[in-house]
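Reading through the structure tokens given below for one structure.
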Amino acid sequence: MTRTTRALAALVATLVAVVPAFSAPLVNPEGRWQLSSGEARFDLSLCGDGTQLCAKLSWLAEDARTPENLAYLNTMVVEGAVLATPAKWKGSVTYSGDTFDGTMTLLDSNTIKLSGCKAIACESMTLVRI
């Protein structure tokens with residue numbers, strides 16, 4: 001699995017968990033974000049009841065434009081990730097036939113940490129606001 005594919009899987013892993021909703025997040029995650037490596041960009045927005053998180057893969061670097069990644073370009077890769085705390089969304093999703101569990105945590109107003117696991121294999125990525 002390529003780094004971009006793993007990053008995409010980790011981002012997508014924040015989808016649709018049944019977690020009690022809290023009030024609005026402390027920091028607004030809406031805006032354009034990119035992997036710290038610069039190979040993929042995402043447009044994040046609050047959705048659903050205003051506390052859920054949605055994201056669209058909006059750009060891929062030339063070397064990240066694999067057929068697997070291009071299938072997600074300009075599509076929503078996160079829809080309705082549920083706010084678990086005022087700065088963390090949790091969820092799981094099926095991606096390329098696999099199910100991932102993950103979190104998306106706002107570390108500060110310009111940094112999000114993505115963590116996703118499949119069985120015992122876990123990976124973390126960082127997104128920065130652009």
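Test of understanding: among K113, K88, which residue is surrounded by 17 or more Cβ atoms within 10 Å (Cβ to Cβ) and without any contact (Cβ under 8 Å) to a residue 60 or more places away in the chain? Of K113, K88, the one residue that is surrounded by 17 or more Cβ atoms within 10 Å (Cβ to Cβ) and without any contact (Cβ under 8 Å) to a residue 60 or more places away in the chain is K88. Filtering segment 33-85 to residues that are hydrophobic (A, V, I, L, M, F, W, C), assigned to a helix (DSSP H, G or I) and surrounded by 14 or more Cβ atoms within 10 Å (Cβ to Cβ) leaves only A64.
Residues that are of a type in the set (A, V, I, L, M), within 23 Å of C117 (Cα to Cα), loosely packed, with under 13 Cβ neighbours inside 10 Å and modelled with pLDDT under 90 do occur in segment 10-32, at least one of them.
Pairs linking a residue in segment 38-50 that is free of Cβ contacts under 8 Å to residues at least 24 places away in the same chain and farther than 13 Å from V27 by Cα to a residue that is surrounded by 15 or more Cβ atoms within 10 Å (Cβ to Cβ) and of a type in the set (A, V, I, L, M), with Cβ atoms under 8 Å and 6 or more positions apart or on different chains, are G38/A61; D43/A55.
The values are calculated or read from the model by the stated rules, or taken from the named source; none is laboratory data. Since the structure is predicted, the reported quantities are computational estimates derived from the model, not experimental observations. Please note: Cβ atoms are built from the backbone with ideal geometry, for glycine as well, and neighbour counts cover all protein chains shown.
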